[in-house]
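First comes the structure, then the notes that go with it.
The values are calculated or read from the model by the stated rules, or taken from the named source; none is laboratory data. What you are looking at is a predicted structure, and each value in this text was computed from that prediction instead of being measured. Cβ sites come from the backbone with ideal geometry, for glycine too, and all protein chains shown count toward neighbours. When the accessible area is computed, the model is the full protein with side chains, heavy atoms only, and any ligands, DNA or RNA have been set aside. Shrake-Rupley method; radii C 1.70, N 1.55, O 1.52, S 1.80 Å.
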Amino acid sequence: MKRLLVLFLTLAVGGMVLGQSSAYRLRVVSWSCKAFSRGVLVQGTVRNISPRPLQDLRASVRVIGPGLRMATNSAALQDRNLMPGEVALFEVRVRTGFDSVNRCELWFRNPRVVQIATLVPNPR
């Protein structure tokens with residue numbers, strides 16, 4: 001256990017020394033979560049803030065309704081390959097079996113990463 005802690009601290013401090021500015025790779029510029037009959041529409045824009053291209057990007061959404069009922073879906077970004085600094089639009093439709101929405105959760109992934117570290121503000 002002590003070795004794991006030392007290894008973790010070494011990697012964390014080493015990463016800071018090497019000048020890693022942020023672990024985040026994407027920043028959501030803006031997004032909205034709007035309920036419509038029998039579903040939710042999530043739309044927005046995302047920027048690649050990493051120094052490397054990101055490929056095969058998908059936006060994933062989880063909608064939480066009354067009684068913690070959930071519905072999920074994902075969709076490929078219109079521009080699936082995002083170069084550093086580029087911005088892309090995304091749109092995900094989620095069918096739900098409930099009338100009201102308590103919360104929408106948004107994240108991004110690709111076939112190699114389950115969840116890409118993303119700065120996500122509250123929806124508007």
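Assorted remarks:
- Screening region 45-63 for residues that are among the aliphatic types (A, V, I, L, M) and open to solvent by 10 Å² or more (accessible area, probe 1.4 Å) and picking the one that is nearest to Val120 (Cα to Cα) gives Ile49.
- A search for C-beta distances below 6 Å between a residue of region 83-102 that is farther than 14 Å from Met70 by Cβ and any residue that is part of a strand (DSSP E or B) and open to solvent by 40 Å² or more (accessible area, probe 1.4 Å), counting only pairs 6+ apart in sequence or on different chains, returns Val87/Arg47; Glu91/Gln43; Val92/Asn73.
- Candidate set: region 33-44, residues that are out of contact with any Ser or Thr (no Cβ under 9 Å at 6 or more places or on another chain) and either surrounded by fewer than 19 Cβ atoms within 10 Å (Cβ to Cβ) or among the hydroxyl-bearing types (Ser, Thr, Tyr) (or both); chosen: the one farthest from Val87 (Cα to Cα): Ser37
- Any hit, region 18-31, residues being at pLDDT 95 or above and open to solvent by 90 Å² or more (accessible area, probe 1.4 Å): yes
- Subset of region 67-88 [closer than 12 Å to Arg103 by Cα and open to solvent by less than 60 Å² (accessible area, probe 1.4 Å)]: Ala71
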